[in-house]
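Read the structure below first, then the notes.
The values are calculated or read from the model by the stated rules, or taken from the named source; none is laboratory data. Fair warning: this is a prediction, and the values are worked out from it, not measured in the lab. For neighbour counting, all protein chains shown are included, and Cβ atoms are generated from backbone atoms with ideal geometry for every residue, glycine included. When the accessible area is computed, the model is the full protein with side chains, heavy atoms only, and any ligands, DNA or RNA have been set aside. Shrake-Rupley method; radii C 1.70, N 1.55, O 1.52, S 1.80 Å.
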Amino acid sequence: MIETDIIIIGAGPTGLFAVFEAGLLKLKCHIIDGLPQPGGQLTELYPKKPIFDIPGYPTVGAAELIDNLMEQIKQFQPGFTLNEVAESIEKQEDGTFIVTTNKGTKHHGKAVAIAGGLGSFEPRKPELENLAYYEDKGVEYFVKKPEMFAGKHIVIAGGGDSALDWSIYLADVAEKVYLVHRRNEFRGALDSVEKVQALKDQGKIHLITPAEIVELKGTTRLDAVVVECDGERHDVPCDYFIPLFGLTPKLGPIADWGLEIEKNAIKVNNALDYQTNIPGIYAIGDINTYPGKLKLILCGFHEATLMCQSVYNMLNPGKKYVLKYTTVSGINGFDGTRKEAEKAVVKSIE
Ligand SMILES: Cc1cc2nc3c(=O)[nH]c(=O)nc-3n(C[C@H](O)[C@H](O)[C@H](O)COP(=O)(O)OP(=O)(O)OC[C@H]3O[C@@H](n4cnc5c(N)ncnc54)[C@H](O)[C@@H]3O)c2cc1C
């Protein structure tokens, strides 16, 4: 049995930052994630993309932000159970919780913070015969390592931001990029549509619209897709086919834990501390919903902070918490009283 103060389900940016805020309050955390690496959507869906709305960073790569969060929480030595999905949660008579994964690992904690984001990642798959056979043999649903497409012929399908953005990015990496969409108009950002058009004019992206992939070909692995365009079928030789039709949000096992769910998200008390209908279980980041909810990284950071304060108050009834600025108290140092803070300031001036 793994013992901790807060069991965090989800190692996305929200879950990782919760470790830091909990550490400031001397609360230990253990994180569970179904993926083999931390980072959530940032690592899984868009590791190479720049993010522009993290305070203090004019721009930061998604993977870089996760590396920085990992560096920031290292000092608090969180535990990790990776590659295992949290499957069940049992509240004990003393108000603590046991969370068990699909591989049977048990975690015992005083509170649970669900930071499960979109839940498990389920790509929307095209209805093509033998699709499953070609998975990992040329069919990819995510671009995790762009370098694997260097010098290759790739076919991307889709009309949203992911299809456009990856076509633009991979135009500089792959030997040939085809972008296939069933309509002439794209749903993605205007700026991206214009970039794709410009790359098409330079011969770096081959646009095929309105068209659909109707068949996959290849013996031991994919070597061509069949594209139907204007009622005619053409073979397009390729090494990779990347259908980017979005993700189906799937809460997975979380849906069966007796939590109040609304539109695939967990309802929380946002006026106070992001607690769910089960006292002691919190939901933070993309996984929760409340009036005015915004699914943004910085909102997850804020929610994680208030959740930690609430857990601290729950575990220390009657103890007055004094807000500490890290600039004053440092991270591992003082008890946050004015006297201690003043001492710290004097010391830093000395
Ligand atoms: C293409 C794209 C671009 C984006 N750009 C921006 C941007 O510029 N700025 C911005 O603020 N936001 C952006 N976002 C949104 C941002 O990525 C999310 O708001 C953020 O990832 C939410 O973080 P999270 O930690 O709450 O959840 P996630 O990042 O989704 O992480 C949740 C983790 O929980 C795990 N999990 C779920 N269920 C279980 C379970 N039962 N057991 C174990 N593990 C589980 C998942 O495997 C996942 O790793 C973008 C999103 C996308 C898709």
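Each residue of the chain gets 167 Å³ once the volume of the Cα convex hull is shared out per residue. The convex hull drawn around the Cα atoms of the stretch 96-186, when projected onto a plane and averaged over every direction, covers 9.0 nm². If the only charges are +1 at each Lys and Arg Cβ and -1 at each Asp and Glu Cβ, what is the size of the charge dipole of the stretch 15-66 around the Cα centre, to the nearest 20 debye? Here the size comes out at about 120 debye.
Amide H contacts under 5 Å for residue 247: 124, restricted to partners 5 or more places along the chain or on a different chain, H placed in the peptide plane at 1.01 Å from N.
Taken over the C-alpha atoms, the stretch 124-246 has Rg and Dmax values of 13.2, 39 angstrom.
In this simple spin-label model, placing a label point 7 Å from the Cα along the Cα-to-Cβ direction at both residue 269 and residue 90 gives a separation of 2.7 nm. Accessible area per residue, 1.4 Å probe, Å², for the stretch 124-246: what's the number? Per residue, the stretch 124-246 has 53 Å² of solvent-accessible surface.
Here the ratio of the Cα radius of gyration of the stretch 1-151 to 2.2 N^0.38 Å is 1.19. In the stretch 124-246, with Lys and Arg counted as +1 and Asp and Glu as -1 at Cβ, which of these residues, 134, 226, 148, has the Cα nearest the positive end of the dipole, that is, farthest along it? Checking the options against the dipole of the stretch 124-246, the answer is 148.
I need the peptides 316-324, 91-99, 296-304, 12-20 ranked by packing, meaning the mean over residues of other C-beta atoms within 10 angstrom, with the highest value on top. Kindly include the intermediate steps, with their values, before the conclusion.
Details: 316-324: 9.8, 91-99: 14.0, 296-304: 20.3, 12-20: 28.6.
By packing density, highest mean first, the sequence is 12-20, 296-304, 91-99, 316-324.
Out of the total accessible area of the chain (probe 1.4 Å, heavy atoms of protein only), what percent is carbon and sulfur? Walk me through the numbers on the way to the answer.
Details: 9080 of 17740 Å².
Here carbon and sulfur together make up 51 percent of the probe-accessible area.
Remark: the stretch 256-262, residue by residue, has Karplus-estimated 3J(HN,Hα) of 9, 9, x, 8, 6, 10, 9 Hz, where x stands for each Gly or Pro and the curve is 6.51 cos²θ - 1.76 cosθ + 1.60 at θ = phi - 60°. Summarising the strand pairing of the chain, around 50 percent of its internal DSSP beta bridges are antiparallel. If you restrict to DSSP beta bridges whose two residues both lie in the stretch 124-246, what percentage is antiparallel, to the nearest 5? That works out to approximately 45 percent antiparallel.
When each full DSSP H helix of the chain is screened for a Cα extent of at least 24 Å along its own axis and an average Kyte-Doolittle hydropathy of at least 0.0, the helices passing are 297-315. For the chain, the mean residue ellipticity at 222 nm estimated from helices alone is -7500 deg cm²/dmol, where every DSSP H run of n ≥ 4 contributes -39500 (n - 2.57) and the total is divided by all residues, rounded to the nearest 500.
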